1. Could you say whether any residue in segment 34-44 is of a type in the set (Lys, Arg) and free of Cβ contacts under 8 Å to residues at least 40 places away in the same chain?
2. Looking only at segment 138-147, decide whether some residue is in contact (Cβ under 8 Å) with a residue 40 or more places away in the chain and either surrounded by fewer than 20 Cβ atoms within 10 Å (Cβ to Cβ) or part of a loop (DSSP other than H, G, I, E, B) (or both).
3. Name every residue in segment 132-166 that is among the acidic types (Asp, Glu) and farther than 23 Å from residue 109 by Cα, in order of residue number.
4. For segment 54-61, indicate whether the set of residues that are farther than 18 Å from residue 9 by Cβ and either modelled with pLDDT under 95 or in contact with a strand residue (DSSP E or B) (Cβ under 7 Å, 6 or more places away or on another chain) (or both) is non-empty.
5. For segment 107-123, name all the residues that are surrounded by 14 or more Cβ atoms within 10 Å (Cβ to Cβ), more than 13 Å from the chain's Cα centre (by Cα) and not small (Gly, Ala, Ser).
6. Could you run through segment 22-55 and say how many residues are farther than 22 Å from residue 153 by Cα and touching a Pro at 6+ places or on another chain (Cβ under 7 Å)?
Amino acid sequence: MRVYVPLTLPGLAEAHAAGELGPAPLRAYAVTPELREWYVSDDIEELEYAALGRAAAASLRLVAADPTAPPRRVVVAVDVADRAAAAAPGTEEDALGRVALPEAVRLTVAAAVHVDADDAEADVAAAAAALPAADGGDGDARLVVDGAEDHELLWFGVQEIPGLLK
């Protein structure tokens, strides 16, 4: 099963230094029965893209919570055994597709790292700032948050992590 672990760039730096994603339990997103029902598709690539999007939204929340984090969403894709990911409770805005990994995962087994391009930073920063108002029901703030989703995350191999951290 492919899972998507949301991070920030400082979180990616910590994982790189430690050689693993952790500590456990790790919050991640995957194609769960609830996500399948919500997305209404049988195409696994579309479903995995939806799970990646859920992780990117969780990464945005991590960016908003860390004023020192550069405004770029980060998601690490990892393949784990199906039994390794258990459904995990979450808040209403992040529960869909959320799973927990009971153990740290070696970074060397990650399939890919997805990160915003530099040109997304202004929109991601605005989205992070607008999250509280959007969560409170402000429609204009929700549009700002959705603006971050207009940026596709770029794909990087694990061996490219040092370059992402410069």
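1. Yes, the conditions are met somewhere in segment 34-44.
2. No, because not a single residue in segment 138-147 is in contact (Cβ under 8 Å) with a residue 40 or more places away in the chain and either surrounded by fewer than 20 Cβ atoms within 10 Å (Cβ to Cβ) or part of a loop (DSSP other than H, G, I, E, B) (or both).
3. Filtering segment 132-166 for residues among the acidic types (Asp, Glu) gives 135, 138, 140, 146, 149-150, 152, 160.
Matches in segment 132-166: 135, 138, 140, 146, 149, 150, 152.
4. yes
5. 107, 121, 123
6. The total comes to 2.
Residues are listed down the side, and each one gets a yes or a no for (1) closer than 29 Å to residue 79 by Cα; (2) modelled with pLDDT under 95; (3) in contact with an Asp or Glu (Cβ under 9 Å, 6 or more places away or on another chain); (4) small (Gly, Ala, Ser):
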{"position": "108", "(1), (2), (3), (4)": "yes, yes, yes, no"}
{"position": "111", "(1), (2), (3), (4)": "yes, no, yes, yes"}
{"position": "117", "(1), (2), (3), (4)": "yes, no, yes, yes"}
{"position": "139", "(1), (2), (3), (4)": "no, no, no, yes"}
{"position": "154", "(1), (2), (3), (4)": "yes, no, yes, no"}
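The values are calculated or read from the model by the stated rules, or taken from the named source; none is laboratory data. The structure displayed is predicted, hence computed values, not measured ones. Here the Cβ is made from the backbone with ideal geometry for all residues, glycine too, and neighbour counts use every protein chain on show.
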